[in-house]
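To start, the structure itself, in structure tokens.
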Amino acid sequence: MRFSFPMLAILLTTSTAAMAQSSSLYDPAIKHMPKDGVVKLYGAGGPHTAFAKVAAAWEQKTGQKVEIIAGPEKKWSPLAQADADILWGTSEQSMTAFLETYKTFSSDQVEPIYIRPTIIAVKAGNPKNISGFDDLLKPGMKIVVTEGAGVYNTSGTGTWEDVAGRLGRLGDVTAFRKNIAVFAKGSGASYRAFKSMDADAWITWPNWPASKGELEQVDIAPERTVWRDVNVALSPDADPEAQQFLDFLLTEEAQKLMLTEGWVR
């Protein structure tokens, strides 16, 4: 493919702007000072409901307070830059993007701690009788997928394509894509779209059906399933109790709580 110099300049400018988006939330004026006697974890929604169960058990056991702050990054980014003891990433690519903004944290501090599979979320009662991924290839299905669209940090980016293309059949990707009703930026937006559009299926993670009564989980066959981890990074300036909480997060007691929402080790 050949480009004229003006077109090449446009492409380079666009590429540079796209890369800059990942660190656009960074504020060099904010000083990172997390030692305040409260362990604070920041990250995207999803794992937070399971983390909250572990935090409640930890507080009951030790009396030490743990705050779980979750949601779209732009809502908590300035706070996290100031006082995050721990960051969690809902996938490796999500954490890599976080590290562009939270300069106190580094890649060698990142530890994968749990993993979960892609699943199909359907309406409670499964009115379309969806039993697996192949049912989503049928004409007329209305599917929601989660995507970052190059501007949003979400664990769902690319998962639908990975699942659809897992067997190396282009036709599966083509048929599935025709049934996508919306590419939603983030899991929260996907959940809202699933309800408002009366969709038939949503490619997502087990924690959503586990925490939402109007959803039901349909498993994806092992040969198609994609797994992504949740990972954590501990600030070198964190409260000392933060490491203690991370240690507890890996205990057998915590693993049982995490399993209730599909997280395994």
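None of the figures in this text is laboratory data; all of them are computed from the coordinates on show. Please read all numbers here as calculations on a predicted model, not as lab measurements. Neighbour counts are summed over all protein chains in view; Cβ atoms, including those assigned to glycine, are modelled from backbone coordinates with ideal geometry.
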Going from the fewest other Cβ atoms within 10 Å to the most, one would list M141, M95 as M141, M95
Give the total of Lys-Lys pairs in the range 124-188 with Cα-Cα distances below 14 Å; include a pair only if its members are 8 or more places apart or on different chains. 4
For the chain: relative contact order, % (alpha-carbon pairs under 8 angstrom, 6 or more apart): 29 percent
Under 5 Å from the placed amide H of G158, counting only residues 5+ away or on other chains, we find G148
Using amide H atoms built in the peptide plane, which far-off residues or other-chain residues are under 5 Å from K40 H to H? E67, D85, I86
Backbone HN-Hα couplings from phi across the range 101-109 [Karplus 6.51/-1.76/1.60, Hz, Gly and Pro as x]: 9, 9, 5, 5, 8, 9, 4, 6, 8
Tabulate in residue order the Karplus-calculated ³J(HN,Hα) for the range 173-179, using 6.51 cos²θ - 1.76 cosθ + 1.60 with θ = phi - 60°, rounded to whole Hz; enter x for Gly and Pro. 5, 4, 5, 5, 4, 4, 9
Per-residue ³J(HN,Hα) for the range 69-85, Karplus 6.51 cos²θ - 1.76 cosθ + 1.60, θ = phi - 60°, Hz, x for Gly and Pro: 10, 10, x, x, 4, 5, 7, 10, 4, x, 5, 5, 4, 8, 9, 5, 7
In the structure shown, do any of K31/K65; K40/K61; K74/K256; K123/K195; K40/K75 have a Cα-Cα gap over 20 Å, and if so which? K31/K65; K74/K256
What helix-only [θ] at 222 nm does the chain give? Using -39500 (n - 2.57) per DSSP H run of at least 4, over all residues, to the nearest 500, the answer is -11000 deg cm²/dmol
Let me check I've understood the local charge: for K128, count other residues with C-beta under 10 angstrom from its C-beta, Lys and Arg +1, Asp and Glu -1. What total comes out? +1
Taking other Cβ within 10 Å of each residue's Cβ, how do S196, S190 sort, fewest first? S196, S190
The list [x] 59; [y] 56; [z] 51 gives values of percent of Cα pairs over 22 Å apart, and only one came from this structure; which label was calculated from it? [x]
For the chain, with a Gaussian network of springs between Cα atoms less than 10 Å apart, report the residue from I115, I180, I30 with the top mean-square fluctuation. I30
